[in-house]
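The values are calculated or read from the model by the stated rules, or taken from the named source; none is laboratory data. Not measured: the values here are computed from a predicted model. With ideal geometry, Cβ positions are generated from the backbone for all residues, glycine too; neighbour counts draw on all protein chains shown. Calculation scope for accessible area: heavy atoms of the full protein, side chains included, ligands and nucleic acids excluded. Shrake-Rupley method; radii C 1.70, N 1.55, O 1.52, S 1.80 Å.
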Amino acid sequence: MSQPSSTQGRQDVPLLDQTLGQAFDATVARWPEREALVVRHQGLRYRWRELAEQVESTARGLMALGVAPGERVGIWAPNCAQWCILQIATAKIGAILVTINPAYRSAELEYVLRQSGCSWLVCADAFKSSDYHAMLQTLLPELASHPLASERLPDLRGVISLATTPPAGFLPWTMLAERAGQIEVAALRARECALHDDQAVNIQYTSGTTGAPKGATLSHHNILNNGYMVGRSLGLSEHDRLVIPVPLYHCFGMVMGNLGCIVHGSTMIYPNDAFDPEHTLRTVAEERATLLYGVPTMFIAMLDHPLRDRLDLSSLRSGIMAGATCPIEVMRRVIEQMHMAQVQIAYGMTETSPVSLQTGPNDDLELRVTTVGRTQPQLETKLVGEQGEIVARGEIGELCTRGYSVMLGYWNDPEATERAIDADGWMHTGDLAVMDEQGYVRIVGRNKDMIIRGGENIYPRELEEFLHTHPAVAEAQVVGIPCERFGEQIVAWIKLHPGHSVTVEALSDWCKARIAHFKVPRHIRFVDEFPMTVTGKVQKFRMRELTIAQLEGH
Ligand code: AMP
């Protein structure tokens with residue numbers, strides 16, 4: 001009989017029992033003169049010693065404003081140096097950083113500020129088509145009055161702007177450094193000493209591929225250890241330079257990126273305020289980066305960029321692709337064409353800090369490109385069937401994770417927490433997976449993504465991988481839409497490689513010749529882009545809506 005689909009990660013790698021601040025201070029003490037942070041679009045470079053000065057004065061400035069332990073401080077800004085500084089400064093004073101998606105508009109902003117009860121918000125001035133100042137002025141007409149008393153956001157005491165000269169009502173970021181002198185260094189130390197690593201340090205609103213955003217509340221212990229374990233698997237050291245083009249508001253950037261580097265003393269490099277393939281490629285080449293992170297669509301954009309061939313990317317050795325299904329072909333190309341011979345795949349979710357499975361440097365190539373690896377140290381994985389029973393190896397089940405990485409809960413939402421984490425401490429991810437005899441896991445889809453057509457179960461992931469093997473196809477996304485005759489019909493959205501073309505008929509015939517008839521997409525649509533969340537997840541519900549509207553002729 002086959003073994004059950006449950007595994008335990010290594011137990012011989014001890015967890016850290018430090019706060020974020022303690023881990024940061026240890027790195028500063030160890031490598032004060034090494035480069036800590038490079039922010040290309042701001043022209044900023046800090047050594048660990050210099051970054052520590054910024055962090056300490058920001059922390060004391062926040063204490064001078066009266067920010068107490070446990071209070072929530074929001075950050076609504078694209079990637080920048082102040083983001084990283086605030087992340088560590090809030091952790092040092094025991095505040096909880098609420099990371100807000102820079103693409104949010106005022107209704108979503110209002111929701112997260114109210115739901116988390118933020119007392120302060122730090123915001124950028126503008127980003128892409130978002131004018132943060134204008135949105136806040138509309139949301140908070142009373143902004144210019146002191147003290148701030150807003151009916152809509154009663155907990156909010158003030159807004160700090162990163163702009164050089166912010167409009168009336170906004171406090172300038174530089175004010176924090178100016179006020180730092182009001183707080184003795186000893187007072188900050190006393191505050192830090194009273195903290196415990198089990199306390200909440202961060203609330204991240206989950207990405208919104210499903211339902212209303214929920215505030216995953218994470219402790220120092222959760223995220224510091226996850227950054228540590230992810231970096232350990234990559235072999236990060238003080239000699240590494242990691243390019244982080246993923247957004248900081250999401251755990252890929254702020255945990256796997258920032259905290260991974262902070263614990264291991266590696267250099268954090270932000271190529272730009274938001275992802276673009278050109279800046280990222282240039283940054284890798286010019287900064288002689290050794291590692292690069294990205295969601296699959298970012299790697300696809302870089303692989304297809306004309307600069308990729310012309311720039312010297314030979315300093316790269318590794319990195320992580322994660323956040324969404326990592327197509328096998330894209331992994332192979334990243335290894336062959338971007339010098340990332342040791343690239344790894346990580347799998348996880350915000351609620352588990354995020355990473356729970358990861359491929360390792362010693363896994364053979366085939367497993368490294370086709371699976372999300374094995375259970376990370378100090379964690380457990382099991383795959384369960386509909387009745388909660390553990391399925392046999394090779395069978396599909398819902399992936400569940402248990403261990404140090406599981407969030408404290410959803411902020412102020414005990415019912416949602418109870419639905420997600422069961423009485424035995426297992427986080428139910430909603431992802432469907434298969435585990436092989438060696439414990440390697442393949443993600444085959446999300447529970448609700450599964451298409452049931454005429455009684456046949458179809459896993460979009462399988463079909464997407466297949467479509468990728470067509471030479472003209474750069475990216476494929478598959479969803480099901482309602483259909484009277486079959487219950488559901490398959491829809492494929494396809495992005496073609498630049499310079500390639502294929503007709504719907506030709507692609508459809510190509511499929512028919514190779515896969516079972518019930519898996520052949522009924523509708524094929526060629527697109528330039530997919531509806532995405534900022535963290536690189538395709539919003540399949542949007543694809544469904546748009547396809548249905550198009551077919552109905554709206
Ligand atoms: P988030 O909480 O925004 O990080 O989203 C978590 C979800 O992203 C997971 O539940 C998965 O559906 C998906 N995901 C993350 N990493 C991977 C991966 N390597 N392969 C497939 N799906 C992934």
Quiz item: Rg to Rh for region 1-129: what is it, with Cα atoms only and Rh by Kirkwood?
Solution: 1.09
Exercise. Please sort 158-171, 514-527 by packing, taking for each peptide the average over its residues of neighbouring beta carbons within 10 angstrom, highest first.
Key: 158-171, 514-527
Quiz item: How many nm is it between the label spots at Glu286 and Ala392, if each spot is 7 Å from the Cα in line with the beta carbon?
Solution: 5.8
Quiz prompt | Among 408-419, 249-260, 193-204, 7-18, the order from most to least packed when residues are scored by Cβ within 10 Å on average | solution = 249-260, 193-204, 408-419, 7-18
Quiz item: What's the FRET efficiency of Ser106 with Arg310 using the Cβ-Cβ distance as r and R₀ = 56 Å, to the nearest 0.05?
Solution: 0.85
Self-check item: Mean Cα-pair separation over length for the chain, i.e. relative contact order, pairs under 8 Å, 6 or more apart, %
Solution: 13
Quiz item: What net charge do the residues around Tyr111 carry, taking every other residue with its C-beta under 15 Å from that of Tyr111, with Lys and Arg at +1 and Asp and Glu at -1?
Solution: +1
Quiz item: Any idea which of Thr381, Tyr404, Asn79 is furthest toward the positive side of the dipole for the chain, if Lys and Arg beta-carbons carry +1 and Asp and Glu beta-carbons -1?
Solution: Asn79
Exercise. Bin all alpha-carbon pair distances of region 376-514 at 5 Å intervals from 0 and give each bin's fraction as a whole percent.
Key: 2, 8, 14, 16, 16, 13, 12, 9, 5, 4, 1
Quiz prompt | Potential extension, Ser145-Asp276 segment - 0.36 nm per residue separation minus Cα distance | solution = 43.2 nm
Practice problem: Specify, per residue and in Å³, the volume enclosed by the convex hull of the alpha carbon atoms belonging to region 415-467. | Solution: 129
Self-check item: Under 22 Å from Lys128, Cα to Cα: lysines that are on another chain or at least 8 residues apart
Solution: Lys537
Self-check item: Förster radius 41 Å - calculated FRET efficiency between Glu366 and Arg30 (Cβ-Cβ, nearest 0.05)
Solution: 0.60
Quiz item: What is the gain in length, in nm to one decimal, between Asp436 and Lys128 on full extension, counting 0.36 nm per residue of separation less the C-alpha to C-alpha distance?
Solution: 106.5 nm
Quiz item: Probe 1.4 Å, all protein chains in place: accessible area of Glu389 in Å², nearest 10?
Solution: 90
Practice problem: Could you compute the FRET efficiency for Gln337 and Glu552, with r as their C-beta to C-beta distance and R0 at 51 Å, rounded to 0.05? | Solution: 0.75
Self-check item: Angstrom value of the Kirkwood radius, inverse mean 1/r, which spans all Cα pairs in region 47-195
Solution: 15.4
Quiz prompt | Relative contact order [Cα under 8 Å, 6+ residues apart], region 453-551, whole percent | solution = 24
Quiz item: Which listed residue (Gly117, Trp48, Ile481) has the Cα farthest towards the positive end of the charge dipole for the chain, taking +1 on Lys and Arg C-beta and -1 on Asp and Glu C-beta about the Cα centre?
Solution: Trp48
Quiz prompt | Average Cα contact separation per residue, region 22-87, under 8 Å, 6 or more apart, as relative contact order % | solution = 29
Exercise. Restricting things to alpha carbons, tell me how big region 453-551 is in terms of Rg and Dmax, in Å.
Key: 13.0, 39
Self-check item: For the chain, projected area of the alpha-carbon convex hull averaged over all directions, nm²
Solution: 26.3
Exercise. Taking amide H positions as placed in the peptide plane 1.01 Å from N, state which residues far from Ala200 in sequence (5 or more) or on other chains have amide H under 5 Å from it.
Key: none
Quiz item: So, with +1 on the Cβ of K and R and -1 on the Cβ of D and E, and no other charges, what is the size of the charge dipole of the chain about its Cα centre, to the nearest 20 debye?
Solution: 500
